[in-house]
Amino acid sequence: MQAAAQKFGQRIQIINVATEHDLEPAFAFMVQLKVGALLQAADPFFNTVRNQIVSLAARHAIPAIYEQRAFVAQVA
């Protein structure tokens, strides 16, 4: 994915989140970096904090791509 991004002049920043307490700082970091979008990988942990992720992405106006439909349904 990194090689494909570089080919198109884009950069991918991987941000690891392991606990619910990591979410706010991760989104603050994304805002600081002025990211263009969030691609959230499928992970059982993310299912447990789906509401927070969707809410934070909306609050910070970060376009998001989710691997599971439930996240998208949460937005609607």
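Only the coordinates and a few stated rules stand behind these numbers; no lab work does. Please read all numbers here as calculations on a predicted model, not as lab measurements. Note: ideal-geometry Cβ built from the backbone for every residue, glycine included; neighbour counts use all protein chains shown.
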Which of (1) 1.57; (2) 1.09; (3) 1.27 is the computed Cα Rg over 2.2 N^0.38 Å for the structure on display? (2)
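Tell me the trypsin sites (Lys or Arg not before Pro) within the chain that lie in a loop according to DSSP and have at most 14 other beta-carbon atoms within 10 Å. Could the numbers behind the result be given before it?
Details: sites: LYS7, ARG11, LYS34, ARG50, ARG59, ARG69; in loops: ARG11, LYS34.
Qualifying residues, ordered by number: ARG11, LYS34.
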For the chain, modelled as a GNM with alpha-carbon contacts under 10 angstrom, which of GLN40, GLN52, GLN32 fluctuates the most? GLN32
Simple SL model, points at 7 angstrom along Cα→Cβ for ASP22 and GLN6; separation in nm is 2.5
Compare the Cα positions of SER55, GLN32, ASN16 along the charge dipole of the chain (+1 at Cβ of Lys, Arg; -1 at Cβ of Asp, Glu; about the Cα centre) and return the one farthest towards the positive end. GLN32
Non-local amide H neighbours of LEU39 (under 5 Å, H modeled in plane, Pro and chain starts lacking H): which ones? ILE65
Between 0 and 90 degrees, rounded to the nearest ten: what's the tilt of helix 23-33 against the longest Cα principal axis of the chain? 30
